[in-house]
Amino acid sequence: MEYKHPVITSISSGKGGVGKTFVSVNIGAYLAHQGKKVLIVDCDLGLANIDVMLGVNPRFTLKEVVFGDTDINDVAIQTKHGFDFVPASSGAAEMVQLMYEDIEKIKEALGKLAQQYDLVLLDTGAGISESVLQFNLFANKNVIILNRELTSLTDAYATIKVIYQTFGRDSFNIIVNTARNEDEAKKIFNHIDSICNRFLGFPLHYLGYIVYDEVVPRSIMKQEVLISHQNQSAPAINCSSIAAQMVKWQ
Amino acid sequence: MNRASLPDNGQTSTIAEILSKKDLEVPLLSSIKGSKLKVMIILLDNLSPYERQIVENTPHRVIDLEDDLLKKIVELQEENAHLRSEALIDNLTELYNSRFLHVQLETEMARTRRTGLSCCLLMIDLDNFKMINDTRGHLEGDRFLTHVAQTFSQCVRTVDIVCRYGGDEFVAILPSTRLFVAIRIANRFKKAVSEIPGATGYNVSASIGIAEFTVSSPWDAKEFIQAADSAMYEAKHKGGNQVSTKGHYIIRLNTGFESVSPEEKEAISSIHDSTQRQGESDGI
């Protein structure tokens, strides 16, 4: 087996409903399209939903890795979008209150599996629970997704602040989602960047933006990825250029 | 001049003379871990063929007990070895003692800061050990402690540093080790303790606390030990015979980092206002 040194990227937002899963899946598809071996991990351990977005019905999930003896290699499934995918379970209450040891078990399993990939995307849950923080620590690149809403900006900033204060991380990559246009996206980024500079003392990195377009909710409804059906749409082009940026991380 | 001589002693005698004095054939013994240290300094270059032959046919022995320098060398060697073992080794269990723990812990914490690799501290306290002392006497208690020490040494890896912290408390430093590995080692030890002869009869088990020191942990050595100690007490309070952990992540959950301050919130929302207005004026 060929061993790689994967770039492990966490994708967090603080607030829910900002578009983590949409971004993970669509950027993952573009990364795969650019010839990279990509793994997406649903790290929203309590309320997983990438499987729903992909329209797949997984046999095993991370739950069976933690509480059963299922091998992580048996949990990972291939998707038609070119990337592989590790599902989590939805509605499993015991996965919400994971012990530190359990999270470590997941991280250890993922660490082994990751060796087979160029890029690993960890779609963390909303909030700043212990597991969200641990996956951010596990990743070697941290992406924060936010939008123009005040709640999203505040939660994104809170997430950055807690990860900084807990682990000393001071390098965060920002994606502005559902922006009206590039100008607005840059303005939003500049503002949150200036707050980080002012209160935490470090700058943020601008990774890109995704413009609001009706093709996005439609593609989610239809359980499709943009690359397959709306490859020329504005959000698709945005996702593609973010993927192109992330390829440079390797 | 065919003389055996010792530096600066100003006295010389022939080897034959020396060796003929039977009362000088007393080996100087050192008690370093039971090994016997014998010292003999003869400048062979200064010997005649006859003297050489005598030397070659003679078992090692101290030539001149009255020689001050030689005595001093041997005495110092003995004293140093004794001091070293007294200072760092626990007499009963032959594990390292708490003094060595403190020295080595600083070293490992510095290594973590340099390499970024976590290290862990295992703090172990035996549950119900007092029962053995009280009912079977201290000799039996000591015998059991020695057994625990051996078990502990077998459960850790060769790189780990095992110490007797005092009484029935043991500590191990696990260099370059993440918490989940430390938990595995702790569980292995917990199981091994229950298999020591007599352990189940006296209901003796181990309460184990683990603290992980990461590159971003704010602890000094004392706080690191306290963290492992408080994890150990947590294990004890939960009923003993179990493993508890402490890391900076739990400290965060316990004490809570400063959340987003009112000033930060105000700054965020003022920024938000300007982009909102911008958007609205664009007619979007």
Looking at (1) in contact with a Pro (Cβ under 7 Å, 6 or more places away or on another chain); (2) surrounded by 21 or more Cβ atoms within 10 Å (Cβ to Cβ), which one does B:Val159 not meet, given that it meets all the others? (2)
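Regarding A:Asp193, is this residue among the charged types (D, E, K, R) and within 17 Å of A:Gly14 (Cβ to Cβ)?
For A:Asp193, the condition - among the charged types (D, E, K, R) and within 17 Å of A:Gly14 (Cβ to Cβ) - is met.
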Evaluation of B:Leu179 against (1) surrounded by fewer than 18 Cβ atoms within 10 Å (Cβ to Cβ); (2) modelled with pLDDT under 90 (one fails), failing number: (1)
Does any residue of the range B:239-258 turn out to be at pLDDT 80 or above and of a type in the set (Phe, Trp, Tyr)? no
Matching residues in the range A:211-238 - criterion: being part of a loop (DSSP other than H, G, I, E, B) and either in contact with a strand residue (DSSP E or B) (Cβ under 7 Å, 6 or more places away or on another chain) or touching a residue at least 12 places away in the same chain (Cβ under 8 Å) (or both): A:Tyr212, A:Asp213, A:Gln223, A:Val225, A:Gln230, A:Ser233
Report yes if B:Glu195 is away from every other protein chain (no Cβ under 14 Å), surrounded by fewer than 21 Cβ atoms within 10 Å (Cβ to Cβ), within 30 Å of A:Asp170 (Cα to Cα) and without any contact (Cβ under 8 Å) to a residue 60 or more places away in the chain, otherwise no. no
Sole residue being surrounded by 21 or more Cβ atoms within 10 Å (Cβ to Cβ) and of a type outside the set (Asp, Glu), chosen from A:Phe67, A:Phe85, A:Phe60: A:Phe85
Return yes when A:Thr124 is among the hydroxyl-bearing types (Ser, Thr, Tyr) and under 30 Å from A:Leu207 (Cα atoms) and no when it is not. yes
Inspect the range B:220-238 for any residue being in a loop (DSSP other than H, G, I, E, B), away from every other protein chain (no Cβ under 14 Å), modelled with pLDDT of 90 or more and within 21 Å of B:Arg111 (Cα to Cα) and give the result as yes or no. yes
Checking A:Ile192 against (1) closer than 28 Å to A:Val56 by Cα; (2) buried (at least 18 other Cβ atoms within 10 Å of the Cβ): exactly one of these is not met. Which one? (1)
Test: residue in the range B:202-212 that is outside any helix (DSSP H, G or I), loosely packed, with under 15 Cβ neighbours inside 10 Å and in the same structural domain as B:Leu126 (by TED's automatic domain parsing): yes
How about the range A:49-132: which helices (runs of 4 or more DSSP H) wholly inside it have at least 1 residues that are at pLDDT below 85 and of a type in the set (Lys, Arg)? A:100-114
For B:Gly167: the one exception among (1) within 12 Å of chain A (Cβ to nearest Cβ); (2) on the phi > 0 side of the Ramachandran plot; (3) of a type outside the set (Lys, Arg): (1)
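Let's see how each residue does on (1) part of a loop (DSSP other than H, G, I, E, B); (2) at the interface with another protein chain (Cβ under 8 Å from one of its Cβ atoms); (3) in contact with a strand residue (DSSP E or B) (Cβ under 9 Å, 6 or more places away or on another chain); (4) hydroxyl-bearing (Ser, Thr, Tyr):
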{"residue": "A:Phe135", "(1), (2), (3), (4)": "no, no, yes, no"}
{"residue": "A:Ile144", "(1), (2), (3), (4)": "no, no, yes, no"}
{"residue": "A:Thr151", "(1), (2), (3), (4)": "no, no, no, yes"}
{"residue": "A:Lys161", "(1), (2), (3), (4)": "no, yes, no, no"}
{"residue": "A:Gln165", "(1), (2), (3), (4)": "no, yes, no, no"}
{"residue": "A:Ile175", "(1), (2), (3), (4)": "no, no, yes, no"}
{"residue": "A:Ile188", "(1), (2), (3), (4)": "no, yes, yes, no"}
{"residue": "A:Phe199", "(1), (2), (3), (4)": "no, yes, no, no"}
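The values are calculated or read from the model by the stated rules, or taken from the named source; none is laboratory data. Since this is a predicted model, take the numbers as computed values, not measurements. All Cβ positions, glycine included, derive from the backbone under ideal geometry; neighbour counts span all protein chains shown.
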